[in-house]
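Undergrad: Have a look at the structure that comes next, please.
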Amino acid sequence: MPRPEIVVGDDGLARCGWGATDPEYRRYHDEEWGTPQHDPVRLFEKVCLEGFQAGLSWITILRRRPAFREVFHGFDAERVAAMTDDDVSRLLGDERIIRHRGKIEATIQNARATLELDLPIDELLWSFAPARRGVAPATFAEVPATTQESAAMSKELRRRGFRFVGPTTMYALMQAAGMVDDHLAACHRSASAVAA
């Protein structure tokens with residue numbers, strides 16, 4: 001059975017179908033997803049967690065986010081960059097997170113790459129934000145998986161030593177960080193609904 005495009009909650013608010021049922025998803029949809037984020041630490045976290053999400057559902061990551069924040073030192077890039085092979089081995093045994101060696105090692109490498117940037121990570125990421133759409137998507141079918149901008153962001157991050165930053169993953173980052181607004185037009189969070 002296909003997921004509904006829009007679901008009206010018990011509070012009377014229309015939401016994108018993916019963010020309407022699970023309480024944690026609903027909070028994330030209403031308070032975070034699509035909200036412009038410029039904090040460098042939170043953006044570094046999003047880069048890393050979107051990488052962990054590759055091949056999994058976002059709710060899997062969202063439910064484990066407190067543990068990810070704990071084991072990766074609040075996503076403080078300097079502390080993550082200092083992690084060692086012993087830390088990797090320890091995290092591979094931690095059932096509270098996704099135990100994927102490549103993704104754990106990528107998070108450490110991404111912290112090192114972040115520290116080597118010649119500009120703040122927020123400036124780098126937001127430099128790829130596209131112009132705002134004139135009209136919100138009416139259906140999920142109108143929401144792309146990748147764009148020219150996400151492909152360009154992916155290419156530049158890889159050039160700078162980041163890993164698990166493919167074009168689809170970077171488009172998900174753009175959605176999560178509010179660089180694009182993919183709330184459906186009928187959702188109470190869409191830019192058109194907020195403006196009204």
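The values are calculated or read from the model by the stated rules, or taken from the named source; none is laboratory data. As the structure is a computational prediction, the values presented were derived from the model and not from experiment. For neighbour counting, all protein chains shown are included, and Cβ atoms are generated from backbone atoms with ideal geometry for every residue, glycine included. When the accessible area is computed, the model is the full protein with side chains, heavy atoms only, and any ligands, DNA or RNA have been set aside. Shrake-Rupley method; radii C 1.70, N 1.55, O 1.52, S 1.80 Å.
Undergrad: Determine which single condition Arg3 fails, assuming it passes every other condition in (1) assigned to a strand (DSSP E or B); (2) open to solvent by 30 Å² or more (accessible area, probe 1.4 Å); (3) not acidic (Asp, Glu).
TA: With respect to (1) assigned to a strand (DSSP E or B); (2) open to solvent by 30 Å² or more (accessible area, probe 1.4 Å); (3) not acidic (Asp, Glu), Arg3 is out only on (1).
Undergrad: Quick check: anything in region 166-189 surrounded by fewer than 13 Cβ atoms within 10 Å (Cβ to Cβ) and either modelled with pLDDT of 95 or more or at positive phi (or both)?
TA: no
Undergrad: What residue, among those in region 44-67 that are over 12 Å from the mean Cα position of the chain (by Cα) and either on the phi > 0 side of the Ramachandran plot or charged (D, E, K, R) (or both), is modelled with the lowest pLDDT?
TA: Residue satisfying both the conditions and the ranking: Gly55.
Undergrad: Oh, and also: With Leu91, Leu125, Leu117 as the choices, which residue is under 23 Å from Arg63 (Cβ atoms) and either in contact with a helix residue (DSSP H, G or I) (Cβ under 7 Å, 6 or more places away or on another chain) or open to solvent by 50 Å² or more (accessible area, probe 1.4 Å) (or both)?
TA: Just one listed residue meets the conditions, Leu91.
Undergrad: Report yes if some residue within region 24-32 is in a strand (DSSP E or B) and closer than 21 Å to Pro130 by Cβ; otherwise report no.
TA: Within region 24-32, none of the residues are in a strand (DSSP E or B) and closer than 21 Å to Pro130 by Cβ.
Undergrad: Hey, Arg15 hits all of (1) assigned to a helix (DSSP H, G or I); (2) open to solvent by less than 60 Å² (accessible area, probe 1.4 Å) but one; which does it fall short on?
TA: If we test Arg15 against (1) assigned to a helix (DSSP H, G or I); (2) open to solvent by less than 60 Å² (accessible area, probe 1.4 Å), just (1) comes out false.
Undergrad: From (1) in a loop (DSSP other than H, G, I, E, B); (2) without any contact (Cβ under 8 Å) to a residue 24 or more places away in the chain, pick out the condition that doesn't hold for Phe128.
TA: The failed condition is (2).
Undergrad: Moving on to the next point. What number goes with the only condition from (1) open to solvent by less than 70 Å² (accessible area, probe 1.4 Å); (2) more than 27 Å from Arg189 (Cβ to Cβ); (3) out of contact with any Lys or Arg (no Cβ under 6 Å at 6 or more places or on another chain) that Pro40 does not pass?
TA: (2) is the only condition that Pro40 fails.
Undergrad: Among all residue pairs at least 6 apart or on different chains, which show Cβ distances below 8 Å where the first residue, located in region 79-99, is under 17 Å from Gly51 (Cβ atoms) and of a type in the set (Gly, Ala, Ser) and the second is part of a helix (DSSP H, G or I) and open to solvent by 70 Å² or more (accessible area, probe 1.4 Å)?
TA: Ala81/Arg112; Ala81/Leu115
Undergrad: Moving on. Quick check on region 128-158: of everything there that is closer than 15 Å to Gly34 by Cβ and basic (Lys, Arg), which residue is least open to solvent (accessible area, probe 1.4 Å)?
TA: Arg133
Undergrad: Among the residues of region 36-56, what is the count of those that are part of a loop (DSSP other than H, G, I, E, B) and either touching a Phe, Trp or Tyr at 6+ places or on another chain (Cβ under 7 Å) or within 28 Å of Arg132 (Cβ to Cβ) (or both)?
TA: Residues of region 36-56 part of a loop (DSSP other than H, G, I, E, B): 36-39, 54-56.
If we keep only those that are either touching a Phe, Trp or Tyr at 6+ places or on another chain (Cβ under 7 Å) or within 28 Å of Arg132 (Cβ to Cβ) (or both) as well, we get 36-39, 54.
Looking only at that region, the number is 5.
Undergrad: Then there's this: Kindly provide the set of residues from region 19-43 that are polar (S, T, N, Q) and within 11 Å of the chain's Cα centre (by Cα), ordered by number.
TA: If the condition is that a residue be polar (S, T, N, Q) and within 11 Å of the chain's Cα centre (by Cα), then Gln37 is the only one that fits.
Undergrad: Quick one: Glu78 ticks every box in (1) in a helix (DSSP H, G or I); (2) closer than 24 Å to Cys187 by Cβ; (3) open to solvent by 40 Å² or more (accessible area, probe 1.4 Å) except a single one, so which number is it?
TA: Of (1) in a helix (DSSP H, G or I); (2) closer than 24 Å to Cys187 by Cβ; (3) open to solvent by 40 Å² or more (accessible area, probe 1.4 Å), only one is false for Glu78: (2).
Undergrad: Exactly one of these conditions fails for Ala136: (1) closer than 12 Å to Val47 by Cα; (2) in contact with a His (Cβ under 7 Å, 6 or more places away or on another chain). Give me its number.
TA: Of everything listed in (1) closer than 12 Å to Val47 by Cα; (2) in contact with a His (Cβ under 7 Å, 6 or more places away or on another chain), Ala136 misses just condition (1).
Undergrad: Anything in region 126-141 that is in contact with an Asp or Glu (Cβ under 8 Å, 6 or more places away or on another chain) and among the hydroxyl-bearing types (Ser, Thr, Tyr)? List them, or say none.
TA: Within region 126-141, just Thr139 meets the criteria.
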